[in-house]
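Notes for the one structure printed next.
The values are calculated or read from the model by the stated rules, or taken from the named source; none is laboratory data. Keep in mind that what you see is a predicted model, and the values were worked out from it rather than measured. Neighbour counts run over all protein chains shown; Cβ positions are idealised from the backbone, glycine included. We work out accessible area using only protein heavy atoms, side chains counted, and drop any ligands, DNA or RNA first. Shrake-Rupley method; radii C 1.70, N 1.55, O 1.52, S 1.80 Å.
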Amino acid sequence: AAWYLVFAAPLMVSVPEMPSPAQPRRVGLIASYRLLIADLRTLWRTDRNAVYFLLSSALSAMVSPQSSQSARSSPSVCTG
């Protein structure tokens, strides 16, 4: 905690805040999916690896949502 105060506190004081952007417009359900697809197309053109990462993380969450939770909570046992 002391190191945090020594190194992070000056950054929080000296770094200026960026001005907040204008309020985002509210869109409906269909328009939000259109915006999502447009964002994914832009991301595909600029950084395909990011799209691959998003797809793989979504698929891994769909395939085994509980296996990641149980793997973290169960202790590992070494046999042999």
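Tabulated data
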{"read-out": "Residue in the range 26-36 that is loosely packed, with under 11 Cβ neighbours inside 10 Å, assigned to a loop (DSSP other than H, G, I, E, B) and out of contact with any Gly (no Cβ under 8 Å at 6 or more places or on another chain) present", "value": "yes"}
{"read-out": "Selection count where residues are assigned to a helix (DSSP H, G or I) and either in contact with a Lys or Arg (Cβ under 7 Å, 6 or more places away or on another chain) or open to solvent by 90 Å² or more (accessible area, probe 1.4 Å) (or both), scope the range 1-25", "value": "7"}
